[in-house]
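The values are calculated or read from the model by the stated rules, or taken from the named source; none is laboratory data. Being a predicted model, the structure only gives us computed values, none of them experimental. Heads up, the Cβs are rebuilt from the backbone with ideal geometry, glycines too, and the neighbour counts pull from every protein chain shown.
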Amino acid sequence: MSEGLQEVRMAESKSLLAKCLIVALASGVGGSVALDAGFVAAANLRKLTGAEIRTSFAGKQLTDEVHYRLVYERDGTLRSYAMSAKKVGKWVVEKDELCLYLGESDDGCYQVTLSGEQFELIPMGLGGSIDGILQPAHNGNGDK
């Protein structure tokens, strides 16, 4: 192989290496920015007390505005409307947790957190978390 061709290939290799290094660095910076955004969201997360839970949820509904809504009536009745299935149970605040009882295997208590307008119910036992926004409650017939 001629010296000229070797020099060209070596220059191409260095150029390719430089491009890879730039992409790797850019990915790292992008990852740092994404992580920082997650830390900011977590920093705005606040756990609610029992009194705050009772005040926030009584007479309201928690919903994702598409798939479900959980209506927390002031008398402790809980009405669940999820994917056209309706259930009636009860809700209570025990210590600093919201407890939901709909006759399901994952009935139990949840820690309630708030970030902006987004509420998240984190189970203290079995089941997955529930998240959504609180709105004025609708009656079972769809009226407010």
Query raised in the report: When the stretch 65-77 is examined, which residues are found to be part of a strand (DSSP E or B) and more than 12 Å from HIS138 (Cα to Cα)?
Result: TYR68, THR77
Query raised in the report: Of the conditions (1) closer than 21 Å to HIS138 by Cβ; (2) surrounded by 14 or more Cβ atoms within 10 Å (Cβ to Cβ); (3) of a type outside the set (Val, Ile, Thr); (4) at pLDDT below 95, SER84 fails just one. Which one is it?
Result: (2)
Report summary line: Those residues of the stretch 29-81 which are exposed (fewer than 10 other Cβ atoms within 10 Å of the Cβ) and modelled with pLDDT of 95 or more amount to ASP75
Report summary line: In the stretch 79-129, residues that are free of Cβ contacts under 8 Å to residues at least 40 places away in the same chain and not in a strand (DSSP E or B) total 15
Report summary line: Only one of (1) in a loop (DSSP other than H, G, I, E, B); (2) free of Cβ contacts under 8 Å to residues at least 60 places away in the same chain does not apply to HIS138, and that is (2)
